[in-house]
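One structure is given here, and the rest of the page talks about it.
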Amino acid sequence: MTILEATGHLYNWYTEHDTFCIDKDFLSLITITEHPNQDKATVLCGLKKMKEMGLVSDEWSPDDHRQYWVLNKSLASFEQSVTVSPDLAVTISSIINSFCDRIEDDKEKCDPTNIEEKDLKNLIYIANLLISEKKDIDNNSET
């Protein structure tokens, strides 16, 4: 497991929990592992990365002598900024605008000079639509 994968598991964990303790919660986080000691170390690296980013803080409990990693605030309140190159902005805009043309709906057209969160949401919607269509095609070809 990589630190990126461990961090992904932790993000999912923190969507439903405010704290994480490697001693208590590891097997709930990583249910299948061939290398538990290595994976625990990788999760700790992910937690340290999240701490450097200001997402979590850690402290030892005086009662059970375990280290707890606690969210500083809800994950939903952490925003990220993304910078895209002009080429990527044009590509994003082209995909969204082609989709809008195809469904004959101009309300969600994308301005390549001003990529917004709604554009990324629309891109994800298009990707999910294509993935579900591919699954339907694959399922129909098996029968």
Charge sum, other residues only, whose C-beta stays under 14 Å from V56's C-beta, Lys/Arg counted +1 and Asp/Glu -1: -1
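I want the local charge near C21. Using Cβ-Cβ distances under 9 Å, sum +1 for each Lys or Arg and -1 for each Asp or Glu among the other residues.
Working: positive: K24, R66; negative: D23, D25, D64.
My count for the surroundings of C21 gives -1.
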Gain upon complete extension [E79, K48; 0.36 nm per residue less C-alpha separation]: 9.2 nm
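With Cβ to Cβ distances under 14 Å as the rule, what net charge do the other residues near H65 carry (K, R +1; D, E -1)?
Taking every other residue near H65 into account, the sum is -3.
Please identify every one of the trypsin sites (Lys or Arg not before Pro) in the range 89-143 that sits in a loop by DSSP and has no more than 12 other beta carbons within 10 Å of its own beta carbon.
On the way: sites: R102, K107, K109, K118, K121, K134, K135; in loops: K107, K109.
Those satisfying the criteria are K107.
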Theoretical gain in end-to-end length, I3 to L88 [0.36 nm per residue, Cα-Cα removed]: 27.9 nm
Filter on K24/K73; K40/K73; K24/K49; K40/K121 - keep pairs with C-alpha separation over 29 Å: K40/K121
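Between Q67 and T15, what is 0.36 nm times their sequence separation minus the Cα-Cα distance? Round to one decimal in nm. Numbers along the way, then the final one.
Values: separation 52, 0.36 × 52 = 18.72 nm, distance 1.97 nm.
Stretched out fully, the Q67 to T15 stretch lengthens by 16.7 nm.
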Sparse-neighbour loop sites [GluC sites (Glu not before Pro); the range 30-114; at most 16 other C-beta within 10 Å; DSSP]: E34, E79, E104, E108
Centre separation in Å (Cα based) which lies between the range 1-75 and the range 102-141: 33
Filtered trypsin sites (Lys or Arg not before Pro), the range 12-89: DSSP coil and at most 16 other beta carbons within 10 Å: R66, K73
Size descriptor, Kirkwood hydrodynamic radius, that averages inverse alpha-carbon separations across the chain, Å: 18.5
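Quick note: the coordinates plus some simple rules give every number you see, no bench work behind them. Keep in mind that this is a model prediction, so the values were computed, not measured. Note that we place each Cβ from the backbone using ideal geometry, even for glycine, and neighbour counts take in every protein chain shown.
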